[in-house]
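Report on the following structure.
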Amino acid sequence: MSNVPDLHLNGAKLLEQIKALGDIGVDLTHGGRTRIALGDAEKTGRDQLVVWMRELELDIQVDRIGNIFGSLRSANDTGHEQPFMMGSHIDTVTNAGALDGCYGVLAGLAVQRAYREAGILPDRTITVGAFTNEEGVRYQPDMMGSLVYAGGLSVQEALDTLGTDGSRLGDELIRIGYAGDLEPGAVIPHEYLELHIEQGPILEAENTLIGVVENLQGISWQQVTVKGNANHAGTTPTRLRHDAGYVACAVTTELRRLAKASGTTLATVGCMTFEPNVINVIPRRASFTVDLRDPDEGKLIKAEQHLAVFLAQLAEEEGVSIETEQLVRFQPVTFDSSLANAIEISAQRFGFRHRRMTSGAGHDAQMIARIAPAAMIFVPSRGGISHNPREHTDDDQLLAGAEVLLDVVKRRLTAPH
Ligand code: HGY
Ligand code: MN
Ligand code: MN
């Protein structure tokens with residue numbers, strides 16, 4: 001007789017909590033919500049999550065980098081059992097959708113709620129984590145809380161990180177009341193599973209409901225600063241210019257050419273500022289960011305090398321100086337095949353169309369994969385849109401993803417392996 005418990009997902013509660021969390025930090029001017037890590041709106045989101053964890057009578061812990069954990073302990077867990085962990089993040093980019101990160105955290109609570117509502121304890125402790133600063137908008141690197149948790153960045157270094165606004169991360173953590181005392185990584189998960197929206201166009205284009213995420217592409221973030229000479233826009237011949245603005249735009253154009261030629265490398269210049277930023281003055285300074293990604297480490301290195309050579313050439317030709325600072329460098333990650341197979345079997349069991357795929361976006365799972373078997377489940381994003389107020393996944397798709405999550409978890413907890 002199978003000892004897999006008969007559990008039921010409370011879909012209405014999950015959808016209600018996704019909506020309620022999505023209402024925190026709403027930006028009525030530009031749309032969406034903005035809960036930048038460790039800001040006031042994110043604190044409100046954190047507080048709301050803790051209330052929902054308390055309602056489930058979870059054992060709540062906060063670690064020194066502000067990661068929040070809610071555990072539904074098994075009957076024989078004296079506090080040291082390696083939990084089955086699910087999680088993601090509740091911080092957002094600016095004018096974000098309501099699902100990125102939040103869906104995975106709240107679906108994890110829904111799994112724990114299914115046990116609570118059935119009046120049973122899991123055979124293994126189930127922990128849900130909300131990791132600090134996944135987006136890396138204010139403090140780099142992104143996936144910071146899970147990176148510290150996985151031992152990839154020291155707590156002290158993370159706490160001393162200065163934000164784009166000059167604030168110190170550790171001070172903000174204290175200010176919002178989430179400077180916990182649990183040592184990050186004190187509890188190593190037995191396995192980790194993250195449910196997330198795809199944030200890309202593939203599942204929708206293929207009319208497929210479940211993404212079995214086998215791997216995640218490499219990420220390289222750089223800050224580039226170009227120093228030229230300010231001069232009069234009307235009197236300075238082109239050949240005499242040292243135009244930092246032109247250099248920044250030339251790099252952006254070259255990166256698009258490189259990406260198209262490569263076929264798999266993606267290149268994004270997301271931030272760009274000029275000084276003095278005046279209509280009739282040749283920019284003396286340009287500062288911009290470069291986000292390069294590729295599933296293949298060798299191709300990512302090639303893209304970085306091509307950029308470095310291109311910058312050196314431009315500096316020579318334009319008579320400017322160029323400095324680069326590496327903000328993030330994560331190699332591609334392969335997820336656990338046994339967990340991926342379990343996700344695929346679960347999707348088959350439900351009769352959901354599914355396909356194996358690579359994650360284009362970075363996720364906390366890529367960090368936890370350093371210390372435990374980890375994998376991800378994707379559901380479709382309408383129009384492939386994310387990091388945008390128009391981010392959307394249909395309710396039945398959200399619930400299908402959560403059903404697969406619950407199914408995989410309850411079977412992993414009861415299957416000897
Ligand atoms: O940048 C990323 O891919 C993630 O959203 N932090
Ligand atoms: Mn995310
Ligand atoms: Mn994101």
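The values are calculated or read from the model by the stated rules, or taken from the named source; none is laboratory data. This is a predicted model, so every value here is computed, not measured. When we count neighbours, we look across all protein chains shown, and the Cβ atoms used for this are built from the backbone with ideal geometry, even at glycine. Just so you know, the surface numbers come from the protein's heavy atoms only, side chains and all, with ligands and any DNA or RNA stripped out. Shrake-Rupley method; radii C 1.70, N 1.55, O 1.52, S 1.80 Å.
Quick rundown of the values:
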read-out: Karplus (6.51, -1.76, 1.60) ³J(HN,Hα), θ = phi - 60°, over the range 45-62, in Hz, Gly and Pro reported as x; value: x, 4, 4, 5, 4, 5, 4, 5, 5, 4, 4, 8, 6, 7, 7, 9, 10, 10
read-out: Amide H partners (placed H, <5 Å) of residue 34, local residues excluded; value: 26, 27, 95, 96
read-out: Euclidean distance between Cα centres, the range 74-118 to the range 9-44, Å; value: 16
read-out: Cβ-Cβ FRET estimate between residue 118 and residue 205, R0 fixed at 35 Å, reported to 0.05; value: 0.40
read-out: For residue 379, residues with placed amide H under 5 Å, excluding near neighbours; value: 196, 197, 198, 211
read-out: Carbon + sulfur, % of accessible area of the chain - ligands and nucleic acids excluded, 1.4 Å; value: 51
read-out: Quotient of Cα Rg and 2.2 N^0.38 Å for the range 218-330, N being how many residues it contains; value: 1.10
read-out: Student exercise, the range 218-330 dipole from Lys, Arg, Asp, Glu Cβ charges, in Debye to nearest 20; value: 240
read-out: Backbone N under 16 Å from the residue 82 label point (7 Å along Cα→Cβ), restricted to the range 360-401; value: 368-375
read-out: Inter-probe distance in nm under a simple model that places probes 7 Å from Cα toward Cβ, at residue 302 and residue 281; value: 4.3
read-out: Probe 1.4 Å, accessible area per residue of the range 259-417, Å²; value: 47
read-out: Sorted peptide list for 351-362, 320-331, criterion being average Cβ within 10 angstrom, highest first; value: 351-362, 320-331
read-out: Antiparallel DSSP beta bridges within the chain, percent to nearest 5; value: 70
read-out: Isotropic mean projected area of the C-alpha convex hull, the chain (nm²); value: 21.0
